[in-house]
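The values are calculated or read from the model by the stated rules, or taken from the named source; none is laboratory data. These figures come from a predicted structure and were not determined experimentally. Ideal geometry is used to build each Cβ from the backbone, glycine not excepted, and the neighbour counts take in all protein chains shown. The accessibility values were calculated without ligands, DNA or RNA, using every heavy atom of the protein model including side chains. Shrake-Rupley method; radii C 1.70, N 1.55, O 1.52, S 1.80 Å.
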There are 2 protein chains.
Amino acid sequence: MGGRAEKDMLFDTFASVAKVLGSGRRAEIVDVLAQGERPVDELAREIGQTVANTSQHLQQLLRPGLVSARRQGTRIYYRLSGPSVVRLWAAVRQVAAEHVEELDELAAAYLGTRSGLDVLTRSELAERMAAGDVVVLDVRPEPEFRSGHIAGAVSVPVRELAGRLKELPDGRTVVAYCRGQYCVFADEAVRMMHARGLPAARLEDGYPEWVAAGLPVEADGLHSPA
Amino acid sequence: MGGRAEKDMLFDTFASVAKVLGSGRRAEIVDVLAQGERPVDELAREIGQTVANTSQHLQQLLRPGLVSARRQGTRIYYRLSGPSVVRLWAAVRQVAAEHVEELDELAAAYLGTRSGLDVLTRSELAERMAAGDVVVLDVRPEPEFRSGHIAGAVSVPVRELAGRLKELPDGRTVVAYCRGQYCVFADEAVRMMHARGLPAARLEDGYPEWVAAGLPVEADGLHSPA
DNA sequence: ACTCTATTCAAGTAGATACTTGAATACCAC
DNA sequence: GTGGTATTCAAGTATCTACTTGAATAGAGT
């Protein structure tokens, strides 16, 4: 007890948790799983990797317990093991945002410039929803909406938005949201609506942050108990 | 913009932050730096590695900006770049504590059993300090005390404690604290005092958590402005 | 039973990582 | 300038990692 070997093993164990997040592909997996559980093949398509490689990444996330799995028929659904994993992923992005210089350029290259894009914080959106002032649009792929969304939001995946613009009520501002601050869907939706002359804004971050803040959510159209 | 290559680069950048914490030795370095800045050779001694190896680990922590350095004469002092790094390290330990099964055994092997060891939370300690009820003992090495400690604490490094037990006032409970939950110093101090029949307890976590909670600290005997 | 699909396993390869060793650099004191 | 100390750099080696490919497993439908 108290020796160097024991100390090394203890810190190696802490490090093993950080290590599995130390791959861009696994980070993408965690980012997607923060939206809700997913089977392997969907994750593979999402991160642009083979199923075999995705499966192996998932095994690595499984070992230190960052994700859990449940079998349903022939599919295996993976999910994050708990809210502390969501907080860890948020802490990683926060440090990157504050201290990695080239992040801004990379984000701009992926997301495009956000100048002229109206942004609402979570609390601003919550207030305006209470005032009945806005329509909230969930522009993520529909399975993510089904597994959980902001209470009162309407699902219009960004790929279907162009054909469904006439469904939107006019007079009220549309606020789009998606997976988080570094997710493109809401940006694309707001740009599309602006191009049509509709008043639109995006939520600053995304669904996982809304959940973490304890704001009201629902799943499959039912209000969640929490 | 919006392509797979850009997305990969963005997530590789997030991952690069997690990756540098994915080594036990670098995790130890971060844990020590959470106590305050340190020159390379002290860090090397602390983590039981050569100076060259420690220096190389520090370069890796430097690249994504987790640590910063300042030169003073012939020494170079490294420090964590900001509070978000402390939160990240806390998030890693939290996930490990919740989801890594073997952590309990490893912690017990390093720290020894904690049964019979009285533990106070931060708020309990803050209350009892306000009541003037306790003596607070900082049992970390003295340089760490000097670079910042709980306001009102007395420095008695655990290696000197045996020879200085008579300095302690009797009648009041002694509460020892050190670097955090997984730090041995406070445990050793409490065991030593218990063996002498003195009423003693340890703070549940340590100095970085006290700072993060916004509780009062001081450095070099002067009250800090924050 | 056979077939289809989702997932995992196993082996192979190119590239990265941790630690060592010995030399180079940078500052300070004289 | 010289000598001394703290730190970094560069090269070498053993080990690990990411991704690929092709085969194995496991459940569902017929």
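What the table below lists for this structure:
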quantity: Among (1) touching an Asp or Glu at 6+ places or on another chain (Cβ under 8 Å); (2) in a loop (DSSP other than H, G, I, E, B); (3) over 24 Å from A:ALA212 (Cα atoms) - the single one A:GLY65 does not satisfy; calculated: (3)
quantity: Scan of region B:34-59 for residues that are closer than 14 Å to B:ARG75 by Cα, in a helix (DSSP H, G or I) and open to solvent by 10 Å² or more (accessible area, probe 1.4 Å), ordered by number; calculated: B:VAL40, B:ASP41, B:GLU42, B:VAL51, B:SER55
quantity: Those helices (runs of 4 or more DSSP H) lying entirely in region A:143-222 with at least 3 residues surrounded by 18 or more Cβ atoms within 10 Å (Cβ to Cβ); calculated: A:185-195, A:207-212
quantity: Matching residues, region B:197-209, being in contact with a helix residue (DSSP H, G or I) (Cβ under 6 Å, 6 or more places away or on another chain) and either modelled with pLDDT under 95 or more than 13 Å from B:LEU137 (Cα to Cα) (or both); calculated: B:ALA200, B:PRO208
quantity: Some residue of region A:71-79 being more than 25 Å from B:GLU101 (Cα to Cα), outside any loop (DSSP other than H, G, I, E, B) and more than 13 Å from chain B (Cβ to nearest Cβ); calculated: yes
quantity: Filter result (under 20 Å from B:SER16 (Cβ atoms) and either β-branched (Val, Ile, Thr) or more than 7 Å from every other protein chain (Cβ to nearest Cβ) (or both)) within region A:13-23; calculated: A:SER16, A:VAL17, A:VAL20
quantity: Tally of residues being of a type in the set (D, E, K, R), in a helix (DSSP H, G or I) and either touching a residue at least 12 places away in the same chain (Cβ under 8 Å) or farther than 22 Å from A:GLU209 by Cα (or both) across region A:103-117; calculated: 1
quantity: Subset of region A:91-129 that is within 14 Å of chain B (Cβ to nearest Cβ) and acidic (Asp, Glu) - its residue that is nearest to A:ALA18 (Cα to Cα); calculated: A:GLU98
quantity: Looking only at region A:23-33, and only at residues there that are open to solvent by less than 10 Å² (accessible area, probe 1.4 Å) and of a type in the set (Gly, Ala, Ser), the one that is nearest to A:GLY148 (Cα to Cα); calculated: A:ALA27
quantity: Residue check for A:LEU10: open to solvent by less than 20 Å² (accessible area, probe 1.4 Å), more than 7 Å from chain B (Cβ to nearest Cβ) and part of a helix (DSSP H, G or I); calculated: no
quantity: The listed residue being within 16 Å of DNA strand C (Cβ to nearest atom), open to solvent by less than 40 Å² (accessible area, probe 1.4 Å) and touching a residue at least 12 places away in the same chain (Cβ under 8 Å), out of A:VAL67, A:VAL134, A:VAL100, A:VAL85; calculated: A:VAL67
quantity: Long-range neighbours under 7 Å by Cβ, at least six apart or interchain, first residue at positive phi within region A:35-64, second among the aliphatic types (A, V, I, L, M); calculated: none
quantity: Index of the failed condition, B:ALA91 passing every other in (1) within 25 Å of B:ARG191 (Cα to Cα); (2) not assigned by TED's automatic domain parsing to the domain that holds B:ALA186; calculated: (1)
